[in-house]
Amino acid sequence: MKNNTTAASGHTELNTKKKAAGKRRSGLMERQSRNGWFFIAPWLLGFVCFFAIPLVKSLYYTFTKISITNDGLTFQFVGLENYLTAFTVDPDFVRAILGSIGNIVYQVPIIVFFSLFIALILKQDFHGKTLMRSIFFLPVIISSGVVITILKENVFASGTGQAASLFQTGVITELLIKSGMGLPLVKMITTTVGAVFDLTWRSGVQILLLLSALHTIPDSMYEAARIEGATEWETFWKITFVLISPTLIMTIIYSIIDYFTDYSNKVMRMIVTYVNQGRYEYSTTISIIYFAVVLQLILLRGQSPVQTRIQRRELTGGYK
Amino acid sequence: MTQGFKFKHKKTGDIALDGITKVLRALFLIGMAYVLLYPVLFLLSNAFRSPVDRLDPTVIWIPKTLTLNNFVLADQLIGFKDSIYKTCTILVPSVAVQVFVCLMVAYGFARFKFKGRELLFSLLLFTIIVPTSTIIIPLYVQFRFFDFFGVGQLLRVFNHGQAVTVNLLNTNWPFYILSATGMGIRSGLYIYMARQFFRSMPKELEEAAWVDGCGSFKTFTHIMLPNVGSIVIVILLFSVVWHWNDYYLSVMFFVDNYPLSVGVTVLQDRLQLLSESMSAADIALGESSILEAACFVVILPMLVMYVFAQKYFTGSITRSGIVG
């Protein structure tokens, strides 16, 4: 009997303990949730006021004709007219957008591969490593502003293409021709150099992001791979590539956006020009169409099975 | 273990291959360095060049007479003092607020569990993807008739049915407000970066603080912030550079009294006008030198900052761990 009671009381004790623990836990969860909301509150406010509402408004504007009167802006609903203008009336738009998309499609993979290549080289140990790294970060400073646009107009593009200035004195070009190369071949070389030039200036941030990702891979992993007898090639694909893939996705998306919002981009220039001319609704229509197309591109990149896996891991990876 | 590998006997072929790789790498890097340094050197060389030296074919890199005339002319046309001052008044508060808010939001996303976090985080990624140009016009209207996040609308009753609004255009406030609400220039990217960093930090420190009864905000400001040095420097530098170079928002939110980055394009337009109306050969020649002088003024502070911060920058980014 006595034993029984102690057992029973022990049982209830255990039960209350469990309950208390559960309660404490739910309290903690609640507190976690409250704190979480507290920390992201500024962003949430900004997201609603300066992103979600403007985005919805932007969408609405594209179906209207905006005119400026004494009472401010008036909106007249015109249906799909702006979209029809963009696709059927405007002579420049379709060509400009196709050109931009075409450039994104072939330039982004090149930029990402190039950045990865440079990042892998810069990660290695060699003399003057710090100096080289600093030089490769120069584009971050220069190319994010208007200076690069002016530089491109004034410095690089004097005459035939961007490579021209690199062969400013013409000595190298002359030398190439004199050494028996055909003119088309020389032209090809100069164009390639020009392309490399452009590429280098576009990949500053990407190199930075990838380099930092490479440095977070612990050396012990490479050591283990070496002990197991993996070749460099295998090590790259099975360790490096896998571990930096989330950053690689980020780099791809960043490259697309960077190109997308670049001022050398024709569509971007059209958007700014139309705003300056006061054709707000048309400018917005163009940017919405443009954005929709680019979003498709970004989603398309996420479609391939490997990338979907990576993306899923990227989005939910840290949540245990 | 490592020692054993270091002293592993190498074959002659391997050594030769290593040598070739090293030479190729050096050549490649030197070529790239040339490509990257070229425009900076070009600017440097042209900004101090007199019109005479521009015509002189024997002058390739170093001008025979150094002149500050280009800078003086550029200054007369756009006024460096005012525009640099303007840029600084935007940059300093905006950057400070932006970095703090981004870190705070990132901490919220990294460490606390709450309903809808995944959804909100994907929305954050979405804000990185959508370019400002898509929403710039409603944003412009919003700052033209700024209603204090809807409070102005509620105050209608006290104002004869009119919403209370303030015109914030042509002031620095749009930049401050956007930065404070995590929507500033590329805030989304910084939040993303900082979140990855916070996630890689050990939880023990915070747990100790919790146990000692430290509130979560205090934990953030007293425990987390002092320990995130590296990522703060990276975000800070990015933020300073992008604020300094910002063109799009500035050209939208300012009517006159432009910051420096817009000033350069104004200078470009004015020079073009000048050369059209005067059509004298020497003006056309001087034009690009003046513009180059102005470009040099734009990039010089960033270059100086970069040279000083470079050690922390490259050092910290390699330690900061921006990885998913």
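General remarks:
- Calculated P(r) of the range A:179-294 - Cα pairs past 21 Å, %: 63 percent
- Per-residue Cβ neighbour counts within 10 Å put A:VAL293, B:VAL101 in the sequence A:VAL293, B:VAL101, beginning with the fewest.
- Charges were assigned to the Cβ only: +1 to each Lys and Arg, -1 to each Asp and Glu. The resulting dipole of the range B:69-320 about its Cα centre is roughly 1080 debye.
- Prolate/oblate/rounded label for the range B:69-320 (Cα gyration tensor, a/c 1.5): oblate
- Projecting the alpha carbon convex hull of the range B:61-209 along each direction and taking the average yields 16.5 nm².
- Distance between modelled label sites at A:GLU228 and B:VAL266, nm, 7 Å Cα→Cβ extension: 6.2 nm
- Rg followed by Dmax, in Å, when the range B:155-214 is reduced to its Cα trace: 20.3, 57
- Computed from the C-beta positions of B:SER200 and A:VAL242, the FRET efficiency with R₀ = 22 Å rounds to 0.80.
- For chain B: lysine pairs under 26 Å (alpha-carbon distance), excluding those fewer than 8 apart on one chain: 10
- Between B:LYS113 and A:ILE189, the modelled labels are 6.3 nm apart [label points 7 Å from Cα along Cα→Cβ].
- For a label point 7 Å along the Cα-to-beta-carbon line of B:ILE129, residues of the range A:68-102 with backbone N under 14 Å: none
Since every read-out is calculated from the coordinates, none of them should be taken as a lab result. Only a predicted model underlies this, so the values are computations on that prediction, with no experimental measurement involved. Note that each Cβ is placed from the backbone with ideal geometry, even for glycine, and that neighbours are counted across all protein chains shown.
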